[in-house]
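Encoded as structure tokens, the structure appears first; notes follow it.
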Amino acid sequence: MALLVDKLRPRSLEELTYHEELSKRLRSLAQCGDFPHLLVYGPSGAGKKTRVVATLKELFGPGVEKIKIDARVFMTSSNRKLEFNIVASVYHMEITPSDVGNYDRVVIQDLLKEVAQTQQVDQAARQKFKVVVINEAENLTRDAQAALRRTMEKYSPNLRLILLANSTSNIIAPIRSRTLLIRVAAPTHDDIRSILAAAAKKEDWPLVEGLNKRIAEESGRNLRKALLMFEAVHAQNEKVTDTTPIPVPDWEVLVGQIAKEITEDRTPARVMQVRAKFYDLLTHCIPASTIIKTLCFKVMPLVDDSLKPGVIHYAAMYEHRIKTGTKAIFHLEAYVLKIMKMVEEYLMSMDM
Amino acid sequence: MASFFDIKARKAAAAAANGASSGNAEKTATESTKVQPWVEKYRPKTLSDVTAQDHTVTVLQRTLQASNLPHMLFYGPPGTGKTSTILALAKELYGPELMKSRVLELNASDERGISIVREKVKDFARMQLTNPPPGYKSRFPCPPFKIIILDEADSMTQDAQSALRRTMETYSKITRFCLICNYVTRIIDPLASRCSKFRFKSLDEGNAKKRLEDIASLEGVTLEDGAVDALIRCSEGDLRKAITYLQSAARLVGAAAQTGGGDADEMEVDNAAVTVKVVEDIAGVIPEATIQRLLKAMKPGGSGTVSSVVEDMVADGWSAAQTMTQLYQAVVYDETLPDIQKNKIVTVFSEVDKWLVDGADENLAILDLAAKISGIMAGR
Ligand SMILES: Nc1ncnc2c1ncn2[C@@H]1O[C@H](COP(=O)(O)OP(=O)(O)OP(=O)(O)O)[C@@H](O)[C@H]1O
Ligand SMILES: [Mg+2]
């Protein structure tokens, strides 16, 4: 059974509900032959991918929906074999170069040129060019991004790129200069509520306004998350009311516990306990960045206002170190120690 | 149905469309200009087409007459005409027919390890110089050397660059090198010192304006008063960016006019003008009201709401870099802030900028920036 997120995904620009202006802009771009390269950015769960797929359909027609998965093998210069999956239709292809980590440049160099140097198979295709969608573009290495530069210019008669990214700060200036930046804002609480209401209707579930409002707020304007929570609530409860608790993902519960534990008891023993929990999270593939960010937001309500700037500062600082360093656990623990120290000092100053 | 990777089918298709494909580059260019992005359509074709780089163009034109060329190093920010200039120069030197055999372009999309560059350069340099067909020389100077363009050279490793030194010397009689980069400091000294350097400046307002207005009039786009200035302001001296913005702004208002106009079903670029607002929208400029809201939340008294304002901005997808730029402007030009506070605030920007460039989380970084500025404003 498909999840709601997939089942209810709009397939064309007309079906998209929120950001009407943006849909209009994408349509106007798609309808002229001179479609530029795009860099589509916005927070996760804002519906970037859905919008891009709808735009592809506008560009090429329903043929883009006939996709298949190709497994390809690349050779690195050191003769290592790289396996790489590609999702492709006759008109477009979708890749996630960060799957191969630091070897993404090899994939980009080979694959894009190969695509660019060949013609459209379907002679009756609506566009002369093919489109390559690059997921998680913010994770592309500098080298891979550099490899895109001239390719984007030289092969522009045959090839258009659509880069998808959560943020643009990691995209090098020459690439930003070569793309039209398209910002996809997260849906507002109201947008989410009306989408949930529509979903309820389609699924024949009762409409529970108060609950939907809470879900919209809990989701942090992340539509994917909202739909997942919505589905979970309805799956786990016979009868759903305004006050039915919304299930929280396990990992978030765990981070919440950590926040509570480190503000309550600031001892070496606690650090040890918390370390085990961090390892637990990391082995379940929760990114360290997400952990530290969530921890920061969970600690905030538990501490005095005067400590909040520090809680934020150290989260930002150690998150940066997580990104530039190699061992996430060092920085997570360092953050925990900082928080403990701040809380401890605050309490001491209160005693005096 | 044929697959995306059915190479055979592609080859067949390529053969079918052969006239347009491999054969004559010029022809392809004219055929596809209709569907090309404007940046490519309006790429300068000759040296004199290159705007705003007067000094460079004059010097290069002189070398064109003398038919001799030093090794060259072009550097400057994106979208200022470096690649266009060397390609135009090469074309003027050799004409369309000799371009292929006389010019080798290697860019970051090519494998550029030490041995590979050496091999490629060697093979290319050793190829016999073909003689220009009769009569050809009167139109193009065709000097007796080849040009090797190493575009985007700042992405070459130091080792590959040092290996290049020897190669450059070995073949110096029959080849000229042109290195192109954004950051001249990424080119090792021994290489840089072998080249005449040409700096490409960010495009100045006057020239950029003229170019944009020319393109607009060729494409039949009407620009509202101030729209060109907005294009220039938002693209920060990067002409490529400005042209892309112009194109999508034109599409946007063209489409709007079309749906409004009803039954006009031809693709006519309508008289609806490109406005400042449309340009700013496309360029991702944050509305002034949003910045002011953030500023107000940061000021003493407005405390407590900073994190919710930031949260909203992040969810709205405003890029951290844009937020930084605009907030910086707002803070630095805020006359109610004492200088001593501004000084402190500026150092915060410095730190956060570095984080962002290293790929740190935008939400945390901006939140920290806001919290710190707020603290400084409160005299903490
Ligand atoms: N000086 C200029 N005169 C006219 N057009 C220009 C100029 N500079 C840039 N352009 C426009 O911008 C486009 C890109 O220019 P070009 O490829 O030469 O930039 P670049 O300097 O090589 O940038 P990058 O560092 O990103 O490679 C051109 O196709 C042209 O439309
Ligand atoms: Mg270039």
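The values are calculated or read from the model by the stated rules, or taken from the named source; none is laboratory data. In this text the structure is predicted, and so the values were computed from the model without any measurement. Quick reminder, even Gly has a Cβ in these numbers, built from the backbone with ideal geometry, and neighbours come from all protein chains shown.
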Residue within the range B:54-63 that is within 12 Å of ligand 1 (Cβ to nearest atom), away from chain A (no Cβ under 14 Å) and under 20 Å from B:T185 (Cβ atoms) present
yes
Helices (runs of 4 or more DSSP H) wholly inside the range A:1-96 that include at least 3 residues being assigned by TED's automatic domain parsing to the domain that holds A:I171, of a type in the set (V, I, T) and within 24 Å of the chain's Cα centre (by Cα)
A:48-60
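Which helices (runs of 4 or more DSSP H) does the range B:71-156 wholly contain that include 1 or more residues that are crowded, with 22+ Cβ neighbours inside 10 Å and within 11 Å of ligand 2 (Cβ to nearest atom)?
B:82-102
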B:R211 within 16 Å of ligand 2 (Cβ to nearest atom), away from every other protein chain (no Cβ under 14 Å) and closer than 30 Å to B:A230 by Cβ
no
Within the range A:106-163, track down each residue that is part of a helix (DSSP H, G or I), at the interface with another protein chain (Cβ under 7 Å from one of its Cβ atoms) and of a type in the set (G, A, S).
A:A146, A:A147
One residue is enough: does the range A:97-104 have a residue meeting the conditions away from ligand 1 (no atom under 16 Å from the Cβ) and under 24 Å from A:L59 (Cβ atoms)?
yes
Hey, does the range A:179-192 have a residue that's within 16 Å of ligand 1 (Cβ to nearest atom), facing chain B (nearest Cβ under 7 Å) and touching a residue at least 60 places away in the same chain (Cβ under 8 Å)?
yes
Could you please give the count of residues in the range A:136-145 that are touching a Lys or Arg at 6+ places or on another chain (Cβ under 8 Å) and crowded, with 20+ Cβ neighbours inside 10 Å?
1
Candidate set: the range B:157-206, residues that are within 16 Å of ligand 1 (Cβ to nearest atom) and part of a loop (DSSP other than H, G, I, E, B); chosen: the one farthest from the other protein chains (Cβ to nearest Cβ):
B:D204
Would you be able to tell me the number of residues in the range A:213-235 that are more than 17 Å from A:K201 (Cα to Cα) and away from every other protein chain (no Cβ under 13 Å)?
3
